[in-house]
Amino acid sequence: MEKVKGPMAGCTTATCGWRALLLPQLNRQSLYVYGSEMAVEKECMRQLQSGVFVIHPFSLMRSYYIMGMMAITFLNLIGIPMEIAFVDGTSGLAWEGFNVFSDTLFLIDVALNFRMGIIAEDGEEAILDLKRIRLSYLRTWFIPDVIAAFPIGYILLFADLQYYNEDNPSKTNKMMRILMFVRILSLIRLARVSRLVRFFNEVEKVSNANLEVVRLFFRVLSLFMMIFLLCHWNGCIQYFVPMLEEFPTDCWVRKENLMNASVSVKYSWGVFRALSQMIALSYGSMDAPTNYVEMWIVMVSMVSGCLMYTVLVANATTMIANRPGGQRVQEQDEPLGALHSCSCASATITRRYGGKWFQEKDVMHTVSSALKEQIMMVMCSRLLRKVPMFQNREENFINSVLLKLEYEVFLEGDSIVRENVPGDRMFFIDHGQVLMETDSYDRELCDGDFFGETCVLTKGKHRATVKALTDCQCFSLSCDDFKEVLLCFPDISKDIEQLVQLNSEGEPV
């Protein structure tokens with residue numbers, strides 16, 4: 001397959017306008033998914049030719065949008081509990097404006113998700129069809145997102161305006177109760193924590209940094225942010241519950257004389273009590289709980305502290321166990337890369353081996369011959385049938401050849417074969433891009449292409465040098481293994497011998 005050239009290959013804001021922001025960018029993740037620069041260019045062409053407004057998962061706009069939404073979500077998860085617990089209805093115009101802005105942004109996000117491309121479960125392609133995107137969103141996150149995006153900020157703004165403009169004392173008290181109810185109702189916005197987790201996962205997917213380092217960094221960052229949010233929410237609850245009871249005489253707030261303290265002092269004492277209870281050092285003050293409400297708060301804090309400690313230890317253990325080891329192949333971030341085309345086999349192997357890198361041959365030897373045949377059929381059948389001498393052959397012959405294929409990985413810059421050097425195998429490119437060089441021409445090959453077919457038939461010399469332009473995942477078929485298969489199929493063996501004689505003056509490598 002020749003390299004695609006044309007106006008789509010260099011689409012920028014100057015040539016494509018604002019639509020360039022919706023197209024996939026050339027980065028580590030897109031190269032990992034599509035295999036080569038040419039495949040990324042084809043993906044850009046596919047999206048441009050569709051003529052539909054869809055934001056690609058690997059686009060520049062998607063990257064910046066996720067970063068911005070992640071920051072806004074985190075600020076909401078910090079500010080909403082503080083507003084409910086400490087501001088006492090005097091949050092000010094700035095905070096009310098931020099609430100309205102956030103609610104508007106989350107409502108827009110719900111609408112944009114109907115035009116946000118998604119990555120398929122097998123990680124092999126981006127889904128850009130509007131019908132599939134909408135069905136997927138409606139079946140998964142639409143209802144939680146609508147609940148989390150409920151425009152409480154608008155209701156609070158309207159209630160505050162009515163409260164400040166009301167002179168009748170009875171109506172003022174009534175509005176005060178309504179305002180308190182709405183503020184409690186605004187706790188529903190804490191459901192946005194699920195979106196924060198999703199944004200973290202999506203940032204990891206679209207990042208342009210080293211994949212293993214990014215996964216580790218975001219895993220640690222998300223873990224500490226969740227621990228911080230848990231402590232923060234607990235600290236706000238410590239003050240919020242006594243406030244709902246109108247500060248009983250035996251509550252800790254009155255004992256510490258915090259009724260007229262500043263927000264920072266109240267918050268500091270609340271977080272201090274929360275941390276003291278969560279790590280089981282004390283009750284947060286010198287005295288034990290004085291009523292059943294405080295007793296339940298302390299118990300819930302202790303249980304949440306135990307869960308926090310368990311999650312921290314479990315994640316730390318997982319990170320240490322899955323750290324990059326000597327058995328991993330350089331730059332290979334997914335286990336058993338050759339198996340990613342077969343989602344069932346890949347999931348089975350990943351569960352069995354814990355997500356670590358193992359030699360492909362060792363793994364394949366552990367499965368039964370029937371399962372091995374099915375795995376190879378799913379992974380390599382399409383590669384084999386692109387070769388003329390394997391087209392229109394019987395299934396038994398194809399299956400026998402598939403079982404002889406060997407998985408090989410070449411890193412960027414490796415010379416796979418050299419011109420005028422004898423060879424004994426042919427190669428099928430599953431994922432990646434190579435350059436075939438001769439004195440008369442250069443040619444780029446990518447996913448689904450093959451080379452070295454002459455050598456597998458005659459063990460002759462290679463007629464070109466082939467170098468890996470990207471990390472390549474290939475399958476190879478040796479001459480000896482191929483002849484062993486042909487012994488069982490004499491009719492096909494005669495046809496291939498005739499094919500070799502007819503094409504003895506051809507161009508194969």
Practice problem: Output the qualifying pairs, or none if there are none: Cβ atoms under 7 angstrom, residues six or more apart or on different chains, first residue in the range 454-476 and among the aromatic types (Phe, Trp, Tyr), second residue part of a loop (DSSP other than H, G, I, E, B) and buried (at least 19 other Cβ atoms within 10 Å of the Cβ). | Solution: Phe475/Leu405
Quiz item: With Phe98, Phe86, Phe58, Phe74 as the choices, which residue is open to solvent by 30 Å² or more (accessible area, probe 1.4 Å), among the aromatic types (Phe, Trp, Tyr) and in contact (Cβ under 8 Å) with a residue 60 or more places away in the chain?
Solution: Phe74
Quiz item: So Glu256 clears everything in (1) within 24 Å of Leu190 (Cβ to Cβ); (2) open to solvent by 40 Å² or more (accessible area, probe 1.4 Å); (3) of a type in the set (D, E, K, R); (4) touching a Phe, Trp or Tyr at 6+ places or on another chain (Cβ under 9 Å) except one condition, right? Which one?
Solution: (1)
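Going by the structure shown, is Phe150 modelled with pLDDT of 90 or more, open to solvent by 40 Å² or more (accessible area, probe 1.4 Å) and touching a Lys or Arg at 6+ places or on another chain (Cβ under 8 Å)?
no
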Exercise. Go through the range 456-477 and give me each residue that's under 19 Å from Leu499 (Cβ atoms) and of a type in the set (Gly, Ala, Ser).
Key: Gly460
Exercise. Given the conditions (1) exposed (fewer than 14 other Cβ atoms within 10 Å of the Cβ); (2) among the small types (Gly, Ala, Ser); (3) more than 30 Å from Tyr34 (Cα to Cα), report the number of the one that Gly413 does not fulfil.
Key: (3)
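What are the residues in the range 304-317 that are in contact with a helix residue (DSSP H, G or I) (Cβ under 9 Å, 6 or more places away or on another chain) and either open to solvent by less than 70 Å² (accessible area, probe 1.4 Å) or more than 26 Å from Phe217 (Cβ to Cβ) (or both), if any? Show your work before the answer.
Step one: of the range 304-317, the residues in contact with a helix residue (DSSP H, G or I) (Cβ under 9 Å, 6 or more places away or on another chain) are 304-309, 311-312, 315-316.
Residues satisfying the conditions are Ser304, Gly305, Cys306, Met308, Leu312, Asn315, Ala316.
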Practice problem: Select the strands (runs of 3 or more DSSP E) contained entirely in the range 438-500, then report the ones holding at least 3 residues which are modelled with pLDDT of 85 or more and either among the charged types (D, E, K, R) or in contact with a Pro (Cβ under 8 Å, 6 or more places away or on another chain) (or both). | Solution: 442-445
Practice problem: For the range 199-236, enumerate the residues that are at pLDDT 85 or above and touching a Pro at 6+ places or on another chain (Cβ under 8 Å). | Solution: His232, Trp233, Cys236
Quiz item: Ser136 is checked against (1) of a type in the set (Ser, Thr, Tyr); (2) open to solvent by 50 Å² or more (accessible area, probe 1.4 Å); (3) more than 25 Å from Ser222 (Cα to Cα) and fails just one. What number does that condition carry?
Solution: (2)
Self-check item: Given (1) open to solvent by less than 10 Å² (accessible area, probe 1.4 Å); (2) closer than 25 Å to Asn396 by Cβ, index of the condition Cys488 fails
Solution: (1)
Self-check item: 1 or more residues more than 21 Å from His462 (Cα to Cα): qualifying strands (runs of 3 or more DSSP E) within the range 388-433
Solution: 425-431
Quiz item: Does any residue in the range 396-415 that is among the small types (Gly, Ala, Ser) come within less than 9 Å, Cβ to Cβ, of a residue that is open to solvent by less than 50 Å² (accessible area, probe 1.4 Å) and not in a loop (DSSP other than H, G, I, E, B) six or more places away or on a different chain, and which pairs are these?
Solution: Ser400/Val485; Gly413/Ala468; Ser415/Thr465; Ser415/Val466; Ser415/Ala468
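Anything in the range 57-112 that is polar (S, T, N, Q) and over 24 Å from Pro144 (Cα atoms)? List them, or say none. Let's see the steps before the verdict.
Keep residues of the range 57-112 that are polar (S, T, N, Q), which gives 59, 63, 73, 76, 90-91, 99, 102, 104.
Of everything in the range 57-112, those that are polar (S, T, N, Q) and over 24 Å from Pro144 (Cα atoms) turn out to be Ser59, Thr90, Ser91.
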Exercise. Output the helices (runs of 4 or more DSSP H) that fall wholly within the range 1-89 and possess 1 or more residues being modelled with pLDDT of 75 or more and not hydroxyl-bearing (Ser, Thr, Tyr), or say none.
Key: 37-50, 60-86
Quiz item: Do we find a residue being more than 18 Å from the chain's Cα centre (by Cα), at pLDDT 70 or above and hydroxyl-bearing (Ser, Thr, Tyr) anywhere in the range 154-168?
Solution: yes
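The values are calculated or read from the model by the stated rules, or taken from the named source; none is laboratory data. Bear in mind that the values here come from a model prediction, so they are computed numbers and not experimental data. Methodologically, a virtual Cβ is constructed for each residue, glycine included, from the backbone with ideal geometry; neighbour enumeration extends over all protein chains shown. Each accessible area value is taken on the protein alone, full model and side chains, heavy atoms only, with ligands, DNA and RNA left out. Shrake-Rupley method; radii C 1.70, N 1.55, O 1.52, S 1.80 Å.
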